[in-house]
Amino acid sequence: ANSTCLATADCRPATYATPATPIAELPGAQAALVAAIDAAGPEDGGLTPSGPALQGAIDQASSWAKAHPERQVVAVLATDGLPTLCEPVEIADVAALAAAGRRLNPAVSTFVIGVVGPTDTDAPANLNTIARSGGTTRAFIVDTAGDVQKQFRDALNQIRASGLSCELAVPSPMGGQALDYEQVNVSFDSGSGPADLLGVANADACTSEGGWYYDVDPAAGTPQRIVACPTTCTQFQQTDMGSVQIKLGCKTRVK
């Protein structure tokens, strides 16, 4: 007797955690990225392994973020359908993966882009559930009845302009040395040039002047995150061309 394989899938998150092209800066990374996309395509009758794909993307984002604490890293789930293959297949369980990414240090937010047709009436609400759990409010819905390329590009541009994270991972010094928490500075460049932010003792010490603080007082424990004060957080979230740099080795500038 002959057998025919109707559908194949890899349900291991580790498979999806391996990027088709390494994360790198644009425009230098453009050629490799476009080539990888052009070489890929959906299989006829292919199903949708959303769970392991999202978990793999979050794992890769988390690993890269830890190695580049000065960068904001997010995961983007782009899909043309709801989960139909590999555990988990329930929307609530896939959303739980996105929520777990938000609890990582540094946190990884999940954005969702859904490419759906006019008859896919349940898809937007379900994809919104995943996006909300990932900390990004709602999914971007691309309607196949319209200009798909433009809608998809617009969604990516909105994600790119979503602002900087208000929490950064505390970096590790080179050579495995112990970090001196009194020799850490945070620099913010909104596009007009970098400027050092002033450190404050804790959240209660934040004022309208902004600044940053450790999530844990170094005298009482081991900090894991650098947190922007509310005023500075607002500035982070309002910039689409800004950057934050963590600098080691010079005495912390404080109020």
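The values are calculated or read from the model by the stated rules, or taken from the named source; none is laboratory data. Since the structure is predicted, the reported quantities are computational estimates derived from the model, not experimental observations. Please note: Cβ atoms are built from the backbone with ideal geometry, for glycine as well, and neighbour counts cover all protein chains shown. Side chains are part of the model used for accessible areas, which takes the heavy atoms of the whole protein and leaves out ligands, DNA and RNA. Shrake-Rupley method; radii C 1.70, N 1.55, O 1.52, S 1.80 Å.
Here L179 passes the criteria (1) within 21 Å of W64 (Cβ to Cβ); (2) in contact with a Phe, Trp or Tyr (Cβ under 8 Å, 6 or more places away or on another chain); (3) not in a helix (DSSP H, G or I) except the one numbered (2).
If you scan the stretch 107-117, which residues turn out to be of a type in the set (A, V, I, L, M), part of a strand (DSSP E or B) and open to solvent by less than 30 Å² (accessible area, probe 1.4 Å)? Within the stretch 107-117, V112, I113, V116 qualify. Remark: D189 falls outside the filter, which requires a residue to be over 22 Å from R71 (Cβ atoms) and among the acidic types (D, E). Identify the residue in the stretch 231-247 that is surrounded by 15 or more Cβ atoms within 10 Å (Cβ to Cβ) and in contact with a helix residue (DSSP H, G or I) (Cβ under 9 Å, 6 or more places away or on another chain) and, among all such residues, is farthest from H68 (Cα to Cα). Only one residue fits best here, namely G242.
I'd like the full set of residues that are under 26 Å from the mean Cα position of the chain (by Cα), farther than 13 Å from W212 by Cα and at pLDDT below 90, limited to the stretch 168-192. The answer is P171, S172, P173, M174, S190, G191, S192.
For every residue, the table says whether it meets (1) in a loop (DSSP other than H, G, I, E, B); (2) within 22 Å of R225 (Cβ to Cβ); (3) open to solvent by 40 Å² or more (accessible area, probe 1.4 Å); (4) not hydrophobic (A, V, I, L, M, F, W, C).
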| position | (1), (2), (3), (4) |
| --- | --- |
| A131 | no, no, no, no |
| R138 | yes, no, yes, yes |
| I141 | no, no, yes, no |
| A145 | yes, no, yes, no |
| F152 | no, no, yes, no |
| A155 | no, no, no, no |
| I159 | no, no, no, no |
| L168 | no, yes, no, no |
| S172 | yes, yes, yes, yes |
